[in-house]
Amino acid sequence: MNKEITEHQKMLLQILCEFDRICTKHHIPYVLFAGSAIGAARHKGFIPWDDDIDVAMLRSDYDRFLSIAPKELDEKVYFLQKEFSAHWPMFFSKLRLNNTTCIERFIPKDPKLHQGIYIDLFPVDNLSNKKLMQKLQFAASKIVIAKSLSRRGYLTDSFKKKLVMMLCKLLPLKPMLKTAKSAKHTDTPLVHSFFAAASVFDKNIFERKYFTERIKTQFEGGQFPISAHNDVLLTRIYGDYMTLPSDEEIEEKIHGVIVDTKNSYEKYLEDQKKMKITQFSKSIR
């Protein structure tokens, strides 16, 4: 692990500690999720190549955090990038660090998009008790994701993905989002994380207790919450998550293609303006 990644991860940990401070103060439950939950189990901290942190929260807790956090955060240091807010068309939120850079494998269509180092905040939604409605929630989530990725400037060479995103542009966002969250006001036995990864239906459906029953675990010298059923949860999503991936798989998992822990992303926007968008796309891959 090179020095740049180490410094990057230190800043990720700083953001996580601030996030945890707010959640602890206001009794908002969350868990380390996805790659961060794997890191906690396998490395007691970051996966060596990981360049972000993932946390997950039940939708009601997620909404409460988004409401409370702006009053708690030092806006000179942190930036809360709320889902579907101005300049951020995505279906989840990020907590970013100002005066840093983490430009991802996207060409942002909005020049005002904040591109500082971040942690991902994923909502976990109630899953309907009705099988047909479950399928509709899944389909609606995929449409929301496709629309969001298209608006963000997602790059793909896949004709199928390009076609899907073009078709999804024709569908209105609000009804799809409403359908995906259709069981919002009912504490159902099952929940879904389709907005974290909607590629496979069954792998993203969990018992509610996976997110309500939590334990503290070591993560980079601190104590942070994971699901009390972390092994079952991760096995459901990833299968054998304890085996290290190949070098090719690691490369695919890296989000940041331009990372700078000392300078604002705004410094790099000038380069983007000077180059054709396709040239800049190739330069940051």
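The values are calculated or read from the model by the stated rules, or taken from the named source; none is laboratory data. The model shown is predicted, which means the values in this text are computed figures rather than measured ones. Ideal geometry is used to build each Cβ from the backbone, glycine not excepted, and the neighbour counts take in all protein chains shown.
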Of all residues in region 18-34, count the ones that are touching a strand residue (DSSP E or B) at 6+ places or on another chain (Cβ under 7 Å), at pLDDT 95 or above and not in a loop (DSSP other than H, G, I, E, B). 5
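Out of the residues in region 35-60 meeting the condition of being aliphatic (A, V, I, L, M) and in a strand (DSSP E or B), tell me which one is farthest from LEU95 (Cα to Cα).
Here is the first cut: in region 35-60, the residues aliphatic (A, V, I, L, M) are 37-38, 40-41, 47, 53, 55-58.
Next, from what is left, pick out any that are in a strand (DSSP E or B): 55-58.
Working: VAL55: 11, ALA56: 13, MET57: 14, LEU58: 17 Å.
Looking at the filtered set, the residue picked out is LEU58.
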Here are some conditions: (1) modelled with pLDDT of 75 or more; (2) loosely packed, with under 15 Cβ neighbours inside 10 Å; (3) under 30 Å from VAL77 (Cβ atoms); (4) not hydrophobic (A, V, I, L, M, F, W, C). SER193 meets all but one. Which one does it not meet? (2)
Scan region 78-106 and report the pairs whose first residue is within 17 Å of VAL144 (Cα to Cα) and assigned to a strand (DSSP E or B) and whose second residue is of a type in the set (A, V, I, L, M, F, W, C) and modelled with pLDDT of 90 or more, with Cβ atoms within less than 6 Å and a gap of 6+ or a chain change. SER93/LEU121
Going by the structure shown, is ALA37 touching a strand residue (DSSP E or B) at 6+ places or on another chain (Cβ under 6 Å) and not acidic (Asp, Glu)? yes
Of those in region 259-278 that are modelled with pLDDT under 65 and closer than 14 Å to ARG105 by Cα, the residue surrounded by the fewest Cβ atoms within 10 Å (Cβ to Cβ) is THR278
Six or more apart or on different chains, Cβ under 8 Å: which pairs go from a residue in region 117-129 that's at pLDDT 95 or above to one that's among the acidic types (Asp, Glu) and surrounded by 22 or more Cβ atoms within 10 Å (Cβ to Cβ)? Could you list them? TYR118/ASP52; ILE119/ASP52; ASP120/ASP52
Answer with yes or no whether LYS216 is touching a Phe, Trp or Tyr at 6+ places or on another chain (Cβ under 9 Å), modelled with pLDDT of 90 or more and surrounded by fewer than 19 Cβ atoms within 10 Å (Cβ to Cβ). yes
